[in-house]
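See below for the structure under consideration.
The values are calculated or read from the model by the stated rules, or taken from the named source; none is laboratory data. The structure displayed is predicted, hence computed values, not measured ones. A quick note on method: Cβ atoms are made from the backbone with ideal geometry, for glycine too, and the neighbour counts reach across all protein chains shown.
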Amino acid sequence: METNPEKINNNEGIPLAYRFRQGSPICPTLVFLPGYRSDMMGSKALFLEEWAKTNNVSYLRLDYSGHGESGGVFEDGTIGQWTQDALTIIDQITTGHLIVVGSSMGGWIGLLVATKRSDRVKAFMGISAAPDFTKWVWDHHMTENQRIICQKEGKIAEESPYSDEPDVMTYALFEDGKKHLLLEKPIPFDNPVILIQGKQDQEVPWALTQKIANLLKPDQTRIIYIEDGEHRLSRPSDLNIIQQEIEKLYVSL
């Protein structure tokens, strides 16, 4: 049975929801960062909760402002704000070393967390990681007319493949994203990186995975492509691969 989350306020006074389970102080804390419009009740977040409990590993999962059980308005959020939300919870709730897992947009936020807390983050795993997605959506997925509408009206809405509610992307999200781009120069993170990517992903181009690896140090990154994998990577077979790679990280550290 799921308990009510704990909450702390972010820098704007918005309550941020999280769930933290204390495990062995010897092992790095496992942190899960969800994707755009996702939350800490997703299948991967809950799967990792069970793994952490079974293995006595401390585990933190959270909701950014405007997501899940946190306060705030989703459309007010930006990459910068959601990264700061994650850092606020991580800094106040955890101590010591971390292994950060980021899914989709959480992969962008997770890499930002890794670069900003490189002394603490001992490994990063990206699952369908989508760093810089605001740039490639704006440049390559939106038409000129959509860009004009977004600028004029402050947002644009499109049908979502995962929800009855449309996906809303604000002009502020796109503009703020420019301040947090990672794929235009070497990524300043030196510890192990695992990237798990489905080749049937319709949301994140699988070739992006190699671009991320190219901006890290040689031999730092391992890529696992799942030939029939889609964006969510939440089937039992996908979760099994995620578990295997998490276990390898904990054994190696």
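Brief remarks follow.
- Taken over region 65-103, the criterion of being crowded, with 20+ Cβ neighbours inside 10 Å, over 14 Å from the mean Cα position of the chain (by Cα) and of a type in the set (A, V, I, L, M, F, W, C) is satisfied by ILE89, LEU98.
- Residue match in region 12-31 (condition: under 19 Å from ASP167 (Cα atoms) and either of a type in the set (A, V, I, L, M) or at pLDDT below 95 (or both)): no
- Matching residues in region 213-243 - criterion: being β-branched (Val, Ile, Thr) and touching a residue at least 40 places away in the same chain (Cβ under 8 Å): ILE241, ILE242
- Boolean, GLU69 is more than 26 Å from ILE226 (Cα to Cα) and at pLDDT below 95: no
- The residue of region 5-42 that is farthest from ASP76 (Cα to Cα), among those that are of a type in the set (S, T, N, Q) and part of a loop (DSSP other than H, G, I, E, B), is SER24.
- Residue in region 174-196 that is over 30 Å from THR29 (Cα atoms) and among the aliphatic types (A, V, I, L, M) present: no
- So LEU216, is it of a type in the set (A, V, I, L, M, F, W, C) and modelled with pLDDT of 95 or more: yes
- For region 147-154, the criterion of being in a loop (DSSP other than H, G, I, E, B), modelled with pLDDT of 95 or more, under 18 Å from PRO205 (Cβ atoms) and touching a helix residue (DSSP H, G or I) at 6+ places or on another chain (Cβ under 6 Å) is satisfied by no residue at all.
- In the set (1) surrounded by fewer than 21 Cβ atoms within 10 Å (Cβ to Cβ); (2) more than 18 Å from LEU30 (Cβ to Cβ), ARG117 fails one condition alone, (2).
- Breaking point among (1) closer than 12 Å to GLY126 by Cα; (2) in contact with an Asp or Glu (Cβ under 7 Å, 6 or more places away or on another chain), for ILE226: (1)
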